[in-house]
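Provided herewith is a single structure, encoded as structure tokens, for subsequent inquiry.
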Amino acid sequence: MTIQSVKRAIDILTLFSPERPRLGITEISRMMKLPKPTIHGLVQTLIDQDFLIRDKETRKYSLGLKLYELGIFLSGTLKINQVGGGAAQRLSVKTGLMVRLAIWDRDKVLITMNLFPTVDDSMFFRQLGLGPRVPAHCSAVGKAILSTFDAQRRAEFFESVNLTRHTAKTLVREDDLLAELDAAAKDGFSRECEEYYKGLACIAAPIFDDSGDAVAAISLSGSTDILERPDLSALTGVLRQTAAEISVSLGCPPSLILGGS
């Protein structure tokens, strides 16, 4: 049984995005196709519970700190973070690059952990919590997971998503993406350069669970020259080794990983 007011409140929260960080009552009312008084009551309840906050100057609303608190809690309880966090940290320290863990989430990928190496000897890395949720077709972590899909699952994915262009380098032709996925499946890692964020390039490898399915990915991120580095082969090697380590910790039989490499 669906409780209407709860569903509407959740729907309001999901309206906010990186493209729409602040919304007014009129905008929410139009997007929800509900009267302003109804929206105002729902929004006020969300404010009372710290799920939304209101900017006094713009009189618009944005997501509240309660969601951040819940995200931090969820990040710490996710199995991929509990199992893979240590290995991801070691990879960040060893390479001096940003490391991300991500899981498959409704045809997109949700970043579950962001690790940044630092020069402070008292703490070798900085960790940011959950998010963002990024498109699979233009992110290295997304491509890493997609590369393990068979032809039918790939076809289902392309039928269910819009290949939105985020930068001039975003691949939006299915044939181009399929070629990249085939290359990633052969190499054991995917690559992406300025397809989602300008100035950022990544390489990623899939992480497998006890059934041998790719349920997550781990990536190394840096400036665009990461793909031209003379030690790229070494970087991809340690990346794949870390992905395999986490996969085994998730219960994936080593034979499946070796068989796919």
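The values are calculated or read from the model by the stated rules, or taken from the named source; none is laboratory data. Quick caveat, the model's predicted, so the values are computed rather than measured. Reconstructed Cβ throughout: ideal geometry from the backbone, glycine too, with neighbour counts over all protein chains shown.
Would you point out which residue out of D176, D210 is charged (D, E, K, R), surrounded by fewer than 17 Cβ atoms within 10 Å (Cβ to Cβ) and part of a helix (DSSP H, G or I)?
D176
Follow-up question, since we're still on this one. When the residues of region 91-103 are narrowed to those that are touching a Leu at 6+ places or on another chain (Cβ under 7 Å) and among the small types (G, A, S), which ends up surrounded by the most Cβ atoms within 10 Å (Cβ to Cβ)?
A102
Tell me the residue from R240, R173, R229 that is closer than 30 Å to E19 by Cα and of a type in the set (D, E, K, R), please.
R173
Follow-up. Filter region 212-246 for residues that are closer than 20 Å to A136 by Cβ, at pLDDT below 95 and not aliphatic (A, V, I, L, M) and give the result.
Across region 212-246, the qualifying residues are G212, D213, S221.
For residues in region 104-124 being closer than 13 Å to S221 by Cα and at pLDDT below 85, which is surrounded by the fewest Cβ atoms within 10 Å (Cβ to Cβ)?
Ranking the qualifying residues of region 104-124, first place goes to F116.
Collect the residues in region 213-240 that are surrounded by fewer than 13 Cβ atoms within 10 Å (Cβ to Cβ), in a helix (DSSP H, G or I) and of a type outside the set (A, V, I, L, M), keeping them in residue-number order.
Answer for region 213-240, where residues must be surrounded by fewer than 13 Cβ atoms within 10 Å (Cβ to Cβ), in a helix (DSSP H, G or I) and of a type outside the set (A, V, I, L, M): D225, E228, S233.
Here's something else I'd like to know. If P21 passes every condition in (1) within 30 Å of R165 (Cβ to Cβ); (2) surrounded by 13 or more Cβ atoms within 10 Å (Cβ to Cβ); (3) in contact (Cβ under 8 Å) with a residue 24 or more places away in the chain but one, which one does it miss?
Of everything listed in (1) within 30 Å of R165 (Cβ to Cβ); (2) surrounded by 13 or more Cβ atoms within 10 Å (Cβ to Cβ); (3) in contact (Cβ under 8 Å) with a residue 24 or more places away in the chain, P21 misses just condition (2).
This table checks each residue for (1) modelled with pLDDT of 90 or more; (2) assigned by TED's automatic domain parsing to the domain that holds T224; (3) on the phi > 0 side of the Ramachandran plot.
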| position | (1), (2), (3) |
| --- | --- |
| I25 | yes, no, no |
| M32 | yes, no, no |
| P35 | yes, no, no |
| G41 | yes, no, no |
| R59 | no, no, yes |
| V83 | no, yes, no |
| V93 | no, yes, no |
| R100 | yes, yes, no |
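What pairs come up if the first residue lies in region 160-188 and is within 23 Å of G199 (Cα to Cα), the second is assigned to a helix (DSSP H, G or I), and their beta carbons are under 6 Å apart, counting only those six or more places apart or on different chains?
L171/L177; L181/L146; A184/K143
Are any residues in region 2-18 free of Cβ contacts under 8 Å to residues at least 12 places away in the same chain, among the β-branched types (V, I, T) and either touching a helix residue (DSSP H, G or I) at 6+ places or on another chain (Cβ under 6 Å) or assigned to a helix (DSSP H, G or I) (or both), and if so, which ones?
Selection gives V6, I10, T14.
In addition: Give the residues of region 216-239 that are of a type in the set (G, A, S) and touching a residue at least 24 places away in the same chain (Cβ under 8 Å), sorted by residue number.
A216, A217, S219, S221, G222, S223, listed by residue number.
Next question. Anything in region 125-150 that is at pLDDT 90 or above and not in a loop (DSSP other than H, G, I, E, B)? List them, or say none.
Listed by number, the residues that qualify are P135, A140, V141, G142, K143, A144, I145, L146.
So, one more: Taking the condition out of contact with any strand residue (DSSP E or B) (no Cβ under 8 Å at 6 or more places or on another chain), buried (at least 20 other Cβ atoms within 10 Å of the Cβ) and either farther than 20 Å from L250 by Cβ or modelled with pLDDT of 95 or more (or both), does E159 pass?
no
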